[in-house]
Structures are given as C-alpha cells and as structure tokens.
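Only one structure is covered here, and it is reproduced in the block below.
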Amino acid sequence: MKNEYMRKLILADTRADGRALDEFREVKVQKGAIKTAEGSAIVTLGNTKVVAGIKMDAATPYPDTPNEGNLVVDAEFVPFANPEFEPGPPTEESVELARVVDRGIRECHAIDTEKLVIVPKELVWSVHIDIHTINDDGNLQDAAALAAMAALQDCKIPKYDVEKKQVVKVETFVVSTGKPLPLKETPVEVTVFKIGGKLFVDAADEEEDALDARITIATTEDGNLCAMQKGGNGILTSEELLRAAELAVVKGKELRAALG
Amino acid sequence: MAKAGAPEKLIIHGKRLDGRKLDEFRPMKAEVGVIPRSEGSATFSFGETKALAGVQGPRPMHPKGLQEPTRTKLRCYYFMAPFATSERGRPGRSRRSTEISMVVAEALSNVIFLEDYPKTALDIFMEILQANASTRCAALNAASMALADAGIPMRDIVSSVSVGKADGEIVLDVAGAEDNFGDVDLAVATVGGGDAFVLLQMDGIITMEEFKKMLEIAKHGCATVYAQQKAALMKRYTAEVSE
Amino acid sequence: MEKKSELLVKEKQLVAPGDVVARGLEYLPGSGCYRKTGDIKSKLLGLVRLKDRVVGVTPLAGVYIPKPGDGIIASVTDLQSTFWILDINSPYDAILQLGEATAEYVDTAKTDLSSFFDVGDVVYIKVLNVSHSKHTTLTMNDYRAKKLIAGRLMKVTPSKVPRIIGKEGSMIELIKKYTGCHIVVGQNGMVWLKGSNEALAAKAVLKIEGEAHISGLTDRVTAMLKAEGTPEPETAQPEEEGGA
C-alpha cells in the first residue's frame, strides 16, 4: 500500500516531504567527532545518520603494490539503525555498500598511497575505514561515501616508532604527527533511483521500498566518473544510464561543497 | 601510476597484446546440459575464462519461516575455484564472491517468472574453473543458459560482457594484462541483447563521452553473446541420435 | 496501426525463452508463453504446441508442479491422526485426508491409520485440489487408484510423460508386449514397473525420455525391444493394472 503511494508521488514529480526529484535532504558533515580515531566524521542526510572512523596502522604492503599504502573499507549495519537489521555476520547489502565506497575512493586514487610508505617494500601505512550506520532513513550508500571522504579529510597520520615497530601511544591515545593524509582527489557518490520513467536522488527509507532500480555513481572534482554500481533489481536503459550519470555529476558537486 | 610488472604498451598498432582488434571478442564457447545431477547446467567461456553453472530446484525451502508465500526464493552462489588463478586462491566465500552472487541474482530476478513456484527455493551455483578476467560475465552467461536448461520460465536470456580502457582506447572483452593494468573495467548485462540493462559495475575513471561510447559497445557485445547462448540452447536438443 | 497477426513457428518446433512465436492479437499465449505488447514469446526452452489460436510451449525439462486431476505415483512419508503426507516428486508435498482414502467409516480413536497406508507405501493416486499457494490434496477416489506393491520405481522428466505413455497408451502397450511388465506412469514423472524383464522396460523408458524430441522415436524403440525382448504370447491374460 505504502509502496503504491510513494510511486504515485514520484510519478507526479512530487515527494512525501515536498522535495524536488533532484533535491537532497539537508546535508550535515561533522568532522573529528571520534577522538580515538585518526580521522572521523558523522554525516546526516535528513534523518539518515552514519559515522565513519579511520584507524591507521603499519602493515606489510600487498605483493603487487610494494611501495604503496593500503586501503580497507568495512561497513556495519548496526541493528539499532533499522529494525530490519539483524545482528550477525555482514549481509550482502553491507558488503556491497563497503565495496562501493571503497571503489569510489580507490579507483580515482583519492589517497596518494605512494606517500604512505614507512620502510620501502617492507612497511606501509594501512588506512582502515569503518562505517557504522546509526539511523537508516534511506540512501545509506551516499551518506557512507560522504562520511568516508570527510573522515579521510579529517585524518592525521600517527607517529610511528620504526625501531619498536609500533604506533606511538601515550596511555591509550595515539600520538599524532599532526600531518594530514596525502589526498589527491575528492570523490563523491550519488545514487540515482528510478521509479517508472522518473529518476531521483537521496531516497528516503519509504521511497527505497518502492524502487524500480538504482545506480550509484562516483564522480571526481572535474566531472569524470570513477566508479559505478547498479544495485538492486530492475532495469535501466542506456538513455537512463546517461541521464543518471549527468545527474550524479551535478549533485556530486553539491555534496562535495558540503565537505567544507 | 604504473603498477609493478606493467607492460609498456597494451595496444600496439591497433592490436591488443593477444592480437585482437579493439572490438573483438576472445573465442567464446557455450555448452548446455553438462551436469546430469543438476536440473539444468551450462558452461560459458571467454577465451581462457571458463565458468560452469548448475541449477538445483525449484525445491522445498527450509527453514519454512524464510519461504516467500507467492514466489520462489532465488539464491545465487558464485565461487572461484582455488585453482582458477595462477596463485592458489582461498576456497569458500569472500566479500567479492558475496557481492558478485548478489548482483547476478539481481540481474536474473528481472527475467525469471518467480511467481510460478511459490514457497520454494531456486538455487544457482556458479564456479569459475579458470579465470582470465570477465569472470562475473562468464558466470552470468552460464547461469542464464542453465536456467533455460532446467525448464525455468524466463522472459528472455540475460547476456553479459566486459568493456575496458587500455592505453586510452576502449576495448571489448577485457582480458589478462588489460584487466590487471588497464584503466577501466565496465561489466554489464542486458536482456535479450536489447537496451534493458540488468547489471552494471564500473571501476576506473572515464569521461561522460567515454561512458556513452562504452555503453554502445557493451550493448552490441551483449547482443553477440546472446546469439551464442541461443545457439548453444538450440544445439542441446538438435543433436542427431546415434543408432 | 494494427499489427498483422502472424504465426512464426511450426508444431513441435524447438524454441528458447524470449523467442517470438507469434505476432498480433489474433493469437493467444498458452502455457509456456507470455504476451509482450503485440508479440507472444516463449517462456521456456521447449517444443511449440499449437491448438487453434492458442500457442503454447512444452518444456523439455523441469520439476513437477501438481495440477488437479493428474494421476500420479506418490509415496507416504508421514502420517497423522486423520491424514497422510506424501512425497509426490515435486517441491510441494501433498496431503491425503482420511475421507479421501476410504469410503468406510473409520473410528480414529481405535484405528491406526497405518493399517490403510503406512510410511513407505507407494500408491497410484489422483490430485484432488491445488490451491493458489500450491497446497495440494490427493484422493484415492478413482478407479485407477491403488497401492503399488513390490516392483521397481524410476524417475523421469515429468514433461516427457506423454511420450512414455504414447497416443492412447500405445507406447506403454509396446513396452509391455516385449518385456512382460506392468507399467504405471504418473504425470509427476514417477514410473512403476513390475514383471519379467524390468531391466529392459526401464531401458526403454529411459530411451524415450532421452530421445523424446527426435522424430522416429517409436520405430527406434520398437526396434530395440524386438532385438532385446521377448514378445508376449497373445493368449496371456494381463492382470488388472492401473495408470494409462
């Protein structure tokens, strides 16, 4: 019943909260909220709220990138965010969300990983981004990607003791060098949703239940596309795909501005 | 940023490292009805990338609480065999295989008449026996044929290809060095070789113009795969009987 | 502009999912086909079946989905105080209520249902009703319904059953003639054999299943049976058997 109602609204170019189809809810980015993390950010899109925290540690580089730092992205759909989330191992949805955030950052080389080497070919910085959902009112993907990017911008590299082979700590707190992560690009993800012939952005939870299809598109500062993932069921034509890409570039600029 | 071991050029005089033209497929092979104990099965290869798919079901769904009252529950399981890659891979599920299982199921759910089998489970198992890029595409192509072989009612067959960018040129059916050292990997799937996209994943950086071109090339590529799949399905039942 | 109606396939033509079998509104989609705008398309990998204006496709594979009226071979898997649960070789189980198993009055307080049918019993039985959600009930109230004792059970693809039975039972008769076997074929793909040369009968059934789509089947089966079987003398009285 609710789905039909949401569909009707969108097909009539309206939404339950009065927004336009190409309008995001209020975007708030709060950097540095988590003191124990090397970088962190809380992002809200309307009532959707996620937190991203970054922990950095030294690690051996991956065999095919011996002189580059590592990036790992994980996501947790914490059950308090949505009664449908169950405790337990990662679901397909949370795996997809993490991997799509990861690709948005990795593919455009947002982090200058060559500058994260501690001891060449032996020891590099590993940047581990953990994204936790706090409240799910739709469009977790875009909120998560934005929080990850904001956390990267907030992140400061820890002090490392090469002899003792450990991050320098005072009591339990990591000592910072105060230096920010070397960032080369600011990717932003915009998920474009489809109902009937209409494309719209920033779906609220109820709107997500009524979808025909969706596609997440990551864009760079100069308007290029650096990662795409068609998620969920449904069909998109090539015309719709191109329209969605253009929408993602335009709205991506707005989200990027919110990063500050 | 050049990766360790990258060849200097991926395209020389308009030909790719394996001798193909930019818009040329590797030799494709498709065979239907290869696993007697599956309801339906098929293999699909792009060159050395070989996928095998088998369908079990529709069958009773347990636990009952997870049954869907009006349709079958489609479950896809994608695996990469440990011997499929040059270095032994870890057996079992990975985050990558979970994600691929998911997007394949989503693609196929668009064409299967799920309501024909309420309360049951329909399980599709796909294994990559040999990997040389485009693995999810091969798996999906095999799964589509396996479903038809199993007598599962579908609107049409789903066909999948990969398109990449190497040395700035758009290439069809990414393989080998193009996968490891190329700039872009776009995997798509369409229904019946037409304009309905049911799978799309892209990694790499492309301009809007390039995206437009890649979509066109991918669409036509899927139509070519579709013809291969249809031919294999027809061949399944038109073999001459040996007296 | 009205699309001209056109039939694009012949009877028994092999088609795949998505193939357009007919155009225009004069033709109707039968089972195995669906309509998409002006076209009728196949849902299945199978053979075209034409009847007047209805175009259908019979699958060459697939599980058994029960239909009311089907005569099937089922086995009892569980029994409760007033009904039995049977395996009908389908993703769906079926129920046989006491009232559909016997016309006698049964005092369930005093009688154990296993005295009628026990777990493991095999029966030829009729599908009474199938609900929208595939809740299936059975009945023994049919002249052909009976317990099948001893013999051998085999499974075949349900969609091949019509070929195994043959026109008006002709294929079954042919196999019986050369193997001395009673044969009962269920619409659900279960086949029961009992007699002198069960192995040859089974071989014949499998041959039909494997080659059902290739023309000239009857001749090939006849040739095989003649070569490997012994024709029954015409005077032999066949015992009462069920299933047609």
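For beta carbons closer than 7 Å, sequence separation of 6+ or different chains, a first residue in the stretch C:13-36 that is more than 8 Å from chain B (Cβ to nearest Cβ) and within 14 Å of C:LEU47 (Cα to Cα) and a second that is of a type in the set (Asp, Glu) and surrounded by 15 or more Cβ atoms within 10 Å (Cβ to Cβ), the qualifying pairs are C:VAL20/C:ASP39. From the residues in the stretch C:100-123 that are out of contact with any strand residue (DSSP E or B) (no Cβ under 9 Å at 6 or more places or on another chain) and within 23 Å of C:ARG144 (Cβ to Cβ), which one is surrounded by the most Cβ atoms within 10 Å (Cβ to Cβ)? Per the criteria, the residue is C:VAL106.
For A:THR220, indicate whether it is facing chain B (nearest Cβ under 7 Å) and in contact (Cβ under 8 Å) with a residue 60 or more places away in the chain. So A:THR220 passes the test.
For the stretch C:208-227, the set of residues classified as within 14 Å of chain B (Cβ to nearest Cβ) and surrounded by 18 or more Cβ atoms within 10 Å (Cβ to Cβ) consists of C:ILE208, C:GLU209, C:ALA212, C:HIS213, C:LEU217, C:VAL221, listed by residue number. Among the residues making up the stretch C:49-77, those that are farther than 15 Å from C:PRO162 by Cβ and within 14 Å of chain B (Cβ to nearest Cβ) are C:VAL63, C:ILE65, C:PRO66, C:THR77.
Within the stretch B:70-81, being of a type outside the set (Ser, Thr, Tyr) and at pLDDT 90 or above holds for B:ARG71, B:LYS73, B:LEU74, B:ARG75, B:CYS76, B:PHE79, B:MET80. Checking B:ALA187, B:ALA177, B:ALA105 one by one, the residue that is farther than 26 Å from A:GLU93 by Cβ and not basic (Lys, Arg) is B:ALA177 and no other. Just one of (1) exposed (fewer than 15 other Cβ atoms within 10 Å of the Cβ); (2) farther than 17 Å from B:MET145 by Cα; (3) not aliphatic (A, V, I, L, M) fails for B:LYS235. It is (2).
Here is the figure for the stretch B:132-169: residues that are more than 25 Å from B:SER41 (Cβ to Cβ), touching a Lys or Arg at 6+ places or on another chain (Cβ under 8 Å) and either in a loop (DSSP other than H, G, I, E, B) or at pLDDT 95 or above (or both) total 1. Quick check on the stretch B:157-166. Is at least one of its residues within 12 Å of chain C (Cβ to nearest Cβ), over 13 Å from the mean Cα position of the chain (by Cα) and within 30 Å of C:TYR34 (Cα to Cα)? No; the residues of the stretch B:157-166 include none that is within 12 Å of chain C (Cβ to nearest Cβ), over 13 Å from the mean Cα position of the chain (by Cα) and within 30 Å of C:TYR34 (Cα to Cα). Being hydroxyl-bearing (Ser, Thr, Tyr) and within 18 Å of the chain's Cα centre (by Cα) is the filter; apply it to the stretch B:25-67 and report the residue that is nearest to the other protein chains (Cβ to nearest Cβ). Only one residue tops the list, namely B:SER41.
If you check C:GLY186, C:GLY210 for being at pLDDT 90 or above and of a type outside the set (A, V, I, L, M), only one passes: C:GLY186. Scanning the stretch A:191-207 for residues that are closer than 13 Å to A:ILE217 by Cβ and of a type in the set (A, V, I, L, M) yields a count of 3. Specify the residue that is farthest from the chain's Cα centre (by Cα); the eligible residues are those in the stretch A:228-245 that are assigned to a helix (DSSP H, G or I) and more than 7 Å from every other protein chain (Cβ to nearest Cβ). Ranking the candidates gives A:GLU239 first.
Taking the stated definitions as given, is B:LEU140 in contact (Cβ under 8 Å) with a residue 40 or more places away in the chain and among the aliphatic types (A, V, I, L, M)? It is true that B:LEU140 is in contact (Cβ under 8 Å) with a residue 40 or more places away in the chain and among the aliphatic types (A, V, I, L, M).
Screening A:ARG214 on (1) away from every other protein chain (no Cβ under 12 Å); (2) over 15 Å from the mean Cα position of the chain (by Cα); (3) assigned to a strand (DSSP E or B) shows it passes everything except condition (1). Given the structure, is B:LYS21 basic (Lys, Arg), touching a strand residue (DSSP E or B) at 6+ places or on another chain (Cβ under 8 Å), surrounded by fewer than 18 Cβ atoms within 10 Å (Cβ to Cβ) and assigned to a loop (DSSP other than H, G, I, E, B)? Considered against the rule, which asks whether it is basic (Lys, Arg), touching a strand residue (DSSP E or B) at 6+ places or on another chain (Cβ under 8 Å), surrounded by fewer than 18 Cβ atoms within 10 Å (Cβ to Cβ) and assigned to a loop (DSSP other than H, G, I, E, B), B:LYS21 comes out as yes. Entry remark, the stretch B:179-202: residues being buried (at least 21 other Cβ atoms within 10 Å of the Cβ), within 9 Å of chain A (Cβ to nearest Cβ) and modelled with pLDDT under 95 number 1 in total.
Yes/no per residue for (1) within 19 Å of B:ARG136 (Cα to Cα); (2) surrounded by fewer than 17 Cβ atoms within 10 Å (Cβ to Cβ):
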residue	(1), (2)
B:SER38	no, no
B:THR43	yes, no
B:GLU48	yes, yes
B:PRO58	no, no
B:HIS62	no, yes
B:SER97	yes, no
B:VAL111	yes, no
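Look at (1) over 21 Å from A:ASP212 (Cα atoms); (2) without any contact (Cβ under 8 Å) to a residue 60 or more places away in the chain; (3) more than 14 Å from chain C (Cβ to nearest Cβ) and you find that B:PRO118 fails only one, number (3).
When A:THR44 is tested against the conditions (1) of a type outside the set (Lys, Arg); (2) in contact with a helix residue (DSSP H, G or I) (Cβ under 7 Å, 6 or more places away or on another chain); (3) assigned to a strand (DSSP E or B), the lone failure is (2).
Those strands (runs of 3 or more DSSP E) of the stretch A:156-208 in which 2 or more residues are in contact with an Asp or Glu (Cβ under 7 Å, 6 or more places away or on another chain) and in contact (Cβ under 8 Å) with a residue 40 or more places away in the chain occupy A:156-158, A:188-195, A:198-201.
Kindly indicate which of A:ASN233, A:ASN224 is of a type in the set (S, T, N, Q), surrounded by fewer than 24 Cβ atoms within 10 Å (Cβ to Cβ) and at pLDDT below 95. Among A:ASN233, A:ASN224, only A:ASN233 is of a type in the set (S, T, N, Q), surrounded by fewer than 24 Cβ atoms within 10 Å (Cβ to Cβ) and at pLDDT below 95.
Among the residues making up the stretch A:82-109, those that are assigned to a loop (DSSP other than H, G, I, E, B) and either at the interface with another protein chain (Cβ under 8 Å from one of its Cβ atoms) or under 16 Å from A:ILE217 (Cα atoms) (or both) are A:PRO90, A:CYS108, A:HIS109. For the stretch A:4-27, the count of residues that are in a strand (DSSP E or B) and either of a type in the set (Lys, Arg) or at negative phi (or both) is nonzero.
Confirm whether C:VAL15 is farther than 30 Å from C:LYS126 by Cβ and buried (at least 22 other Cβ atoms within 10 Å of the Cβ). In short, yes.
The residues listed here are B:MET80, B:MET102; of these, the one that is more than 22 Å from B:LYS119 (Cβ to Cβ), within 11 Å of chain A (Cβ to nearest Cβ) and surrounded by 16 or more Cβ atoms within 10 Å (Cβ to Cβ) is B:MET102. Only residues that are within 13 Å of A:LEU211 (Cβ to Cβ) and polar (S, T, N, Q) were counted across the stretch A:1-30, and they come to 1.
Can we say A:GLN166 is closer than 30 Å to A:VAL124 by Cβ and under 22 Å from the mean Cα position of the chain (by Cα)? For A:GLN166, the condition - closer than 30 Å to A:VAL124 by Cβ and under 22 Å from the mean Cα position of the chain (by Cα) - is not met.
The values are calculated or read from the model by the stated rules, or taken from the named source; none is laboratory data. Predicted model, so just to flag it, every value in this text is computed and none were measured. Methodologically, a virtual Cβ is constructed for each residue, glycine included, from the backbone with ideal geometry; neighbour enumeration extends over all protein chains shown.
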